[in-house]
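Input: a single structure, listed below in structure tokens.
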Protein chains: 4
Amino acid sequence: MPKNPQRYLGGRPIGYYRPRGSQDIRHLVEHGFQAFNAGRLSEACHIFTDKMLAPENDTTIGLTVAGALTPAGLGGCVIELMDRGLVDFIISTGANLYHDLHYALNFTLHRGSPFLDDVELYEQGVIRIYDVLFPATVLLETDKYIRDFFVREKLSGAITTAELHYRLGHDLMKRFPGCEDHSVVASAAKFDVPIYTSSPGDSSIGMNIAYHELMNGGTLMIDPNRDVNEVCAIILAGNKNGCVILGGGSPKNFYLQGQPTLWEVYGIPKGGNDYFIQITTDQVVWGGLSGATPSEAVSWGKVNPGVLPDTVVTYADSTIAFPLFCEYAVGSEHGTRARKNLYLKRDQLLADLKRQATEAARNRPQPEAADMMPDLERHR
Amino acid sequence: MPKNPQRYLGGRPIGYYRPRGSQDIRHLVEHGFQAFNAGRLSEACHIFTDKMLAPENDTTIGLTVAGALTPAGLGGCVIELMDRGLVDFIISTGANLYHDLHYALNFTLHRGSPFLDDVELYEQGVIRIYDVLFPATVLLETDKYIRDFFVREKLSGAITTAELHYRLGHDLMKRFPGCEDHSVVASAAKFDVPIYTSSPGDSSIGMNIAYHELMNGGTLMIDPNRDVNEVCAIILAGNKNGCVILGGGSPKNFYLQGQPTLWEVYGIPKGGNDYFIQITTDQVVWGGLSGATPSEAVSWGKVNPGVLPDTVVTYADSTIAFPLFCEYAVGSEHGTRARKNLYLKRDQLLADLKRQATEAARNRPQPEAADMMPDLERHR
Amino acid sequence: MPKNPQRYLGGRPIGYYRPRGSQDIRHLVEHGFQAFNAGRLSEACHIFTDKMLAPENDTTIGLTVAGALTPAGLGGCVIELMDRGLVDFIISTGANLYHDLHYALNFTLHRGSPFLDDVELYEQGVIRIYDVLFPATVLLETDKYIRDFFVREKLSGAITTAELHYRLGHDLMKRFPGCEDHSVVASAAKFDVPIYTSSPGDSSIGMNIAYHELMNGGTLMIDPNRDVNEVCAIILAGNKNGCVILGGGSPKNFYLQGQPTLWEVYGIPKGGNDYFIQITTDQVVWGGLSGATPSEAVSWGKVNPGVLPDTVVTYADSTIAFPLFCEYAVGSEHGTRARKNLYLKRDQLLADLKRQATEAARNRPQPEAADMMPDLERHR
Amino acid sequence: MPKNPQRYLGGRPIGYYRPRGSQDIRHLVEHGFQAFNAGRLSEACHIFTDKMLAPENDTTIGLTVAGALTPAGLGGCVIELMDRGLVDFIISTGANLYHDLHYALNFTLHRGSPFLDDVELYEQGVIRIYDVLFPATVLLETDKYIRDFFVREKLSGAITTAELHYRLGHDLMKRFPGCEDHSVVASAAKFDVPIYTSSPGDSSIGMNIAYHELMNGGTLMIDPNRDVNEVCAIILAGNKNGCVILGGGSPKNFYLQGQPTLWEVYGIPKGGNDYFIQITTDQVVWGGLSGATPSEAVSWGKVNPGVLPDTVVTYADSTIAFPLFCEYAVGSEHGTRARKNLYLKRDQLLADLKRQATEAARNRPQPEAADMMPDLERHR
């Protein structure tokens, strides 16, 4: 089968655009984005730079990423925010991290079209992510790199996704020096920003760990428990807490469940988020979590009841809105913060969580046996 | 704080409606649903009943569930499909399974409104899922049941989500006899239908396992690797494969990555899905996986290139479209199949996967060292 | 160019499905549609049948229609509602009325697919409306019928769209007896239901009137003023007022501006709508009128401030939700009302409007010259 | 009733932001907007500036406007495009033109929030358009200005919307010198850009003409026929034709029906559009015209079959995407064209249309009587 993927790969290579803090763009946001979603994007820029990044608030900022943002070249925005200390930890779909590796390994993704014949693409060995195109061999080679990394590094036992991504990032930097300028995973490792994945089996990274177990007898395994607890511990330690949610999906919930875990499961009255920014195209009326509003989150204790003015949802494609948002933030007077290096503090934060949870448990009245099934309404 | 949740809980209790195979509804679908999304829903009904359920095709059918369907009372549709052998395995968000437990435990969720004051709800201890309302104590009691179950059953070590849910379902049936008529988790256990969760830490079930580890020193842990491999093994064993995707999200991808795992990672040329039905409100133009079309999936080997006519996406809220779909299927001549009891066959299927993967690996040419970084295009 | 449209026209003919009041469907709506948009659809069914159709309310009910509903076969639902007196007047896009004529003239539209090659369709002389297909000659013949009708009936001078459609309907019934069972335009004429179009030049009907003026020297012209005033007069005369809005668009606004015209322009304090039902897929967050909520309409005096509980928006494709809605209403105890025959009462209603407006003007204080530019805030 | 609207009017005044051709924004579009809707917006910018504005193509460019863009402050973008000759004629909803008058009359609209209590707003006399707020008196005063204008200018008889808006614009400039910098209607009059409205009765302007007829015995009336024919004539005269469609709705169809009117009704084989740019959030899968693709338009002869590469739809809120689009165009090497002054050429263009249509009619074979109802498929 003499495949010829090249005929589909003539579009310009996709690179990681780095926001530079354009004052023109800040002017547009300030004076041209006045109402509707432009107004919301302007609000989001202000909440982020004026409040979340204000030194006196010392906000612990989580970024959640769903939707194919690294294939679309948005990784540069994330790198810039990490470098400048504007994001402290990340929760991402596995797919975004897997496709980020293509950039680290210097494989080329191309601008294309969403209107191609997929049967033809399949026959020619071309993979399509909406309008992004690349040869199927990029997948095979990236998979191979991942599996070799497991073997080479002798990864074993149950670890967090944060540790997996951190070690992956360092391996990339060691083997492909300079790649951190082109890789979220590598630069996160460089800047000690932990990256979590809420659905560890759901991506090509997870598929390759599964292979490693089945075929190599590897013991490497993701421990979702510790992921949950580390995120809770990070949130618990925050002076103020805030999030930037791109898309929605499982990463959004994984972040937002942090506060309910604290009060509902651990009995620690931490309170909800202080700031909440979401850029999404999902809609509240479809009833899913991706489209759920900050207001709905209040009833769950995910968002502080008093802070609804400090929450905003911008309905827009992140590929348009997020670069504008980053330009605004980078160019602001709060465009740089000291990095929190949370990756290095995980053990200590976890110990704090355990201590506080133990204390909370001690102070809770012991439930009587009769409480086992309380006086809740039942209709059957 | 004398909370008074009752004033918000006057709406009718939400129950698990069971489809009964209405011939009126089949008539409407056949003659009234002719074009646009009504036409697509009619197509979906035909692909499911005429093709996927046709005895000669012996299709292995996966159902993926995202969006808050159990809170909206859709669990009865899923139970009916499992009971009749029309669905062989399930991939669900954890949230749907967690909220299903409220029904099993006979706590009452109420019809409400999406237009309430969430600060007031929060103060009164009422939880809101879009327009579904219930007391916050329902969460606390459900959590308590889950944690007690872990202790009582002495769950330990790394297990699959399928096993976790199966054992949970049997515990529910044992302690609350008859609850399987009101619980997806319990009835799945009864019918030996495995239920997987792609994001095991991302839900209150996951939160409570994390608690169990941190506070009880429990060793219970979800092994995402085995989840990935079991789903692959189930798909590999299918005579034909097809899916019904409600919503999208992480469960959709977790199902659809099965075929790519087989060819891309294990080197087994299984081919893609034969049938693909999705009910969603997400859109292709936003570029995410939830809205990605069967056509795009062809380029990834997730859907067989030859079967695009046997794929369909209906753009509709599942709360409306799925009950209609189930009524149509249940009332059709293929409204009952022998159940596959896949839960009981997991070990054997996994062994088959390992055997075929080993064979495939043996037949693959050993890559030379020079192949390590192949002749792929790079633009840096 | 030997065109061959037949190869695309193999799909089943699209007919006008007539709802029959299925009790199964009423059962599903009552017990299965509990939350999310299913819950909203259930609410819409209840507001319509329990309140709008309740004899004691004697509600004047307007139906507005946007989106290609007649091509999709939804005309039968509208005919059934008119026949039963459940809808008193209609505001529709011209396109829906134009395509309705194909059914009256017994031309066949076919079920097709949205995934065809449009360049090929164009070359073969096939017209596509999403997934509905028919030969381009259907357009040419329908146009010819319309132009012949103008000449034959010697239509001239400025008339309302209601009169145009009424006379068109009677011509159809005269020339194609029995066609009223297959035509909204014809059956509206039969049942004396006035049909207005908010954008009279924007459809093939308008295009052919424009031709008639330019090429035949015809004087026939639509008078938008009288359309506006007749709709206001109908609303003014209503005991209670309510609407069923399919889609949104210009027809939605044309209906909803009725009340503001009364208070803002004519000075008559009629108050806003008492009932408001919309089935749409547009979203409030995009800021357009199609997606604007009943709540927003309150600030404009379009909806009565006290009745928000009697308003509902169901987010769904009308092709799915509207037949269900009609089945529910037709099968209810209020499934038939005496028809209001508003077409025959237009002159009298208009006279009433003029009388009341004159009285209101008499009672308004005469503005002083100094009032010309009042003390409103200006920022330049 | 001592109303106090001021408490809701504390937000910054909304002004008409004027794009200035920022090179930073051009850089972002070029290098940062690579895929997904960012990629589409980049494509739209290139089609507009590289092709539609290329001197050798001498494209006649129509801009259609739906959605509340003038309330959101987008009027400045439209003024800049007209001033620079980058838009030759406009089709707008009446609402956008009506609300534009507030700016001309120097009334102030304010930035607000979409989350206010509308019953309270109603009681305080505040009007809300999504998140834009202003006192109800602004409506009353604008209405008064319009009605006074009719009387003062002695407007009478049937005229086009283009003439109505043109004369309105000149009246504004005469009475409020300098207002053209803050008004689309006034600046269109200044630059001889005709503005059409597809739904002349559907807005407060139309409501006030209707008042004028009913209460003043005025004969002023919009002639939709001449609107249709003028738009056809403008399109017919274009060397190349292209459109920029904001939103969709009735203005979109009114523009796009131009070519079908020419071939289907007048028998003039002009061919479809050469360029097609749409910025919308509507979706193809809902089946309406607003979301219909350039591809679907090919089957109707609305878009030239050969030019699909020169068509693009960007899915985004116009309030974000249109200012970026305008900055890109204004800053390009084709950022200024000679204005076409189409308003002044309408009579001549209409005469050309009539001449060509007469010729086409002469050359068409006379249909036989037997052709009256041709051999089309019928299924009844």
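The values are calculated or read from the model by the stated rules, or taken from the named source; none is laboratory data. On a predicted model such as this, the values are computed, not experimentally measured, just so you know. Virtual Cβ from ideal backbone geometry, glycine too; neighbours counted across all protein chains shown.
Every residue, every condition in (1) touching a helix residue (DSSP H, G or I) at 6+ places or on another chain (Cβ under 9 Å); (2) under 26 Å from A:Ala68 (Cα atoms); (3) not in a helix (DSSP H, G or I), yes or no:
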| position | (1), (2), (3) |
| --- | --- |
| A:Pro323 | yes, yes, no |
| A:Thr336 | yes, no, yes |
| A:Leu344 | no, no, no |
| A:Lys354 | yes, no, no |
| A:Glu359 | no, no, no |
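Specify the residue that is surrounded by the fewest Cβ atoms within 10 Å (Cβ to Cβ); the eligible residues are those in the range D:213-227 that are assigned to a helix (DSSP H, G or I), more than 14 Å from the chain's Cα centre (by Cα) and in contact (Cβ under 8 Å) with a residue 12 or more places away in the chain. I'd like the intermediate steps shown before the answer.
Kept after step one, since they are assigned to a helix (DSSP H, G or I), are these residues of the range D:213-227: D:213-216, D:224-227.
Applying the additional criterion that residues be more than 14 Å from the chain's Cα centre (by Cα) yields D:213-216, D:224-226.
Cutting the leftovers down to in contact (Cβ under 8 Å) with a residue 12 or more places away in the chain gives us D:216, D:224, D:226.
On the way: D:Asn216: 12, D:Pro224: 32, D:Arg226: 23.
Per the criteria, the residue is D:Asn216.
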Restricting attention to the range C:9-27, and to residues there that are in contact with an Asp or Glu (Cβ under 7 Å, 6 or more places away or on another chain) and surrounded by 24 or more Cβ atoms within 10 Å (Cβ to Cβ), which single residue is farthest from B:Glu327 (Cα to Cα)?
-> C:Pro19
Is one or more of the residues making up the range D:27-42 touching a residue at least 40 places away in the same chain (Cβ under 8 Å), among the charged types (D, E, K, R) and under 16 Å from D:Ser332 (Cβ atoms)?
-> no
From D:Leu349, D:Leu289, which residue is farther than 24 Å from D:Thr70 by Cβ, among the hydrophobic types (A, V, I, L, M, F, W, C) and under 22 Å from the mean Cα position of the chain (by Cα)?
-> D:Leu349
Those residues of the range A:302-313 which are at pLDDT 90 or above and either in a loop (DSSP other than H, G, I, E, B) or at the interface with chain B (Cβ under 8 Å from one of its Cβ atoms) (or both), in sequence order = A:Lys302
Name the residue, out of A:Ser295, A:Ser332, that is hydroxyl-bearing (Ser, Thr, Tyr), part of a loop (DSSP other than H, G, I, E, B) and over 23 Å from B:Pro200 (Cα atoms).
-> A:Ser332
Here the residues within the range D:182-200 that are surrounded by fewer than 24 Cβ atoms within 10 Å (Cβ to Cβ) and closer than 29 Å to C:Gly206 by Cβ are D:Ala189, D:Phe191, D:Asp192
Show the residue pairs that are 6+ apart or on different chains and have beta-carbon atoms under 7 Å apart, the first residue being within the range B:60-76 and touching a residue at least 12 places away in the same chain (Cβ under 8 Å), the second being crowded, with 24+ Cβ neighbours inside 10 Å and basic (Lys, Arg).
-> B:Thr64/B:Lys252; B:Ala66/B:Lys252
Taking D:Arg226, is it among the basic types (Lys, Arg) and within 11 Å of chain C (Cβ to nearest Cβ)?
-> yes
Scanning for something closer than 23 Å to A:Tyr122 by Cα and of a type in the set (Phe, Trp, Tyr), does the range B:209-232 turn up at least one residue?
-> no
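Mind checking which residues of the range A:43-87 are part of a loop (DSSP other than H, G, I, E, B), away from chain D (no Cβ under 13 Å) and within 14 Å of the chain's Cα centre (by Cα)? If you could, list the steps in order and put the result at the bottom.
Initially, the range A:43-87 is screened for residues part of a loop (DSSP other than H, G, I, E, B), giving A:53-54, A:58, A:66-74, A:84-87.
Adding the requirement that they be away from chain D (no Cβ under 13 Å) leaves A:53-54, A:58, A:66, A:84-87.
Matches in the range A:43-87: A:Ala66, A:Leu86, A:Val87.
Determine, yes or no, whether B:Gly112 is touching a Leu at 6+ places or on another chain (Cβ under 7 Å) and more than 24 Å from B:Ser199 (Cα to Cα).
Values: touching a Leu at 6+ places or on another chain (Cβ under 7 Å): yes; more than 24 Å from B:Ser199 (Cα to Cα): yes.
Criteria met by B:Gly112.
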Within the range B:228-251, restricting to residues that are in contact with a Lys or Arg (Cβ under 6 Å, 6 or more places away or on another chain) and in a helix (DSSP H, G or I), the one that is farthest from A:Gly94 (Cα to Cα) is B:Leu236
Of the conditions (1) facing chain B (nearest Cβ under 10 Å); (2) farther than 24 Å from B:Ser318 by Cβ, A:Val284 fails just one. Which one is it?
-> (2)
Across (1) in contact (Cβ under 8 Å) with a residue 24 or more places away in the chain; (2) buried (at least 22 other Cβ atoms within 10 Å of the Cβ); (3) aliphatic (A, V, I, L, M), C:Ile320 clears everything bar (1)
Hits in the range C:245-285 - residues which are in contact with a Ser or Thr (Cβ under 6 Å, 6 or more places away or on another chain) and surrounded by fewer than 23 Cβ atoms within 10 Å (Cβ to Cβ) = C:Val284
Could you check how many residues of the range D:136-170 are over 21 Å from D:Ile79 (Cα atoms) and small (Gly, Ala, Ser)?
-> 4
Determine if the range B:242-262 includes at least one residue that is in contact (Cβ under 8 Å) with a residue 60 or more places away in the chain and among the polar types (S, T, N, Q).
-> yes
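For the range D:199-212, what are the residues that are more than 7 Å from every other protein chain (Cβ to nearest Cβ) and either outside any helix (DSSP H, G or I) or hydroxyl-bearing (Ser, Thr, Tyr) (or both)? Spell out how you get there, then give the answer.
Initially, the range D:199-212 is screened for residues more than 7 Å from every other protein chain (Cβ to nearest Cβ), giving D:203-205, D:212.
Listed by number, the residues that qualify are D:Ser203, D:Ser204.
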Members of the range C:350-368 found to be modelled with pLDDT of 95 or more and charged (D, E, K, R), listed by number | C:Asp352, C:Lys354, C:Arg355, C:Glu359
Flag for A:Ala329 being more than 14 Å from chain D (Cβ to nearest Cβ), out of contact with any helix residue (DSSP H, G or I) (no Cβ under 6 Å at 6 or more places or on another chain), hydrophobic (A, V, I, L, M, F, W, C) and within 28 Å of A:Asn96 (Cα to Cα) | no
Give the residues of the range A:9-35 that are under 26 Å from the mean Cα position of the chain (by Cα) and either facing chain D (nearest Cβ under 7 Å) or outside any loop (DSSP other than H, G, I, E, B) (or both), sorted by residue number.
-> A:Pro13, A:Ile14, A:Tyr17, A:Ser22, A:Ile25, A:Arg26, A:Val29
Looking at B:Gly335, B:Gly306, which is the one that is closer than 19 Å to B:Tyr275 by Cβ and surrounded by fewer than 17 Cβ atoms within 10 Å (Cβ to Cβ)?
-> B:Gly306
So which of A:Leu86, A:Leu109, A:Leu116 ends up being touching a helix residue (DSSP H, G or I) at 6+ places or on another chain (Cβ under 8 Å), within 30 Å of B:Pro200 (Cα to Cα) and among the aliphatic types (A, V, I, L, M)?
-> A:Leu86
List the number of the failed condition for C:Leu236; all other conditions in (1) surrounded by fewer than 24 Cβ atoms within 10 Å (Cβ to Cβ); (2) over 24 Å from C:Glu56 (Cα atoms); (3) more than 8 Å from chain D (Cβ to nearest Cβ) hold.
-> (2)
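How many residues are part of a loop (DSSP other than H, G, I, E, B) and more than 17 Å from the chain's Cα centre (by Cα) if we restrict to the range C:252-280? Talk me through it step by step, then tell me what you get.
Step one: list which residues in the range C:252-280 are part of a loop (DSSP other than H, G, I, E, B), which gives C:257, C:266-272, C:274.
If we keep only those that are more than 17 Å from the chain's Cα centre (by Cα) as well, we get C:266-272, C:274.
So the count comes out to 8.
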In this structure, is A:Val244 under 20 Å from A:Glu163 (Cα atoms), under 15 Å from the mean Cα position of the chain (by Cα) and more than 7 Å from chain B (Cβ to nearest Cβ)?
-> no
Enumerate the strands (runs of 3 or more DSSP E) found wholly within the range D:88-181, keeping only those where 1 or more residues are crowded, with 23+ Cβ neighbours inside 10 Å and within 9 Å of another protein chain (Cβ to nearest Cβ).
-> D:126-129, D:132-135
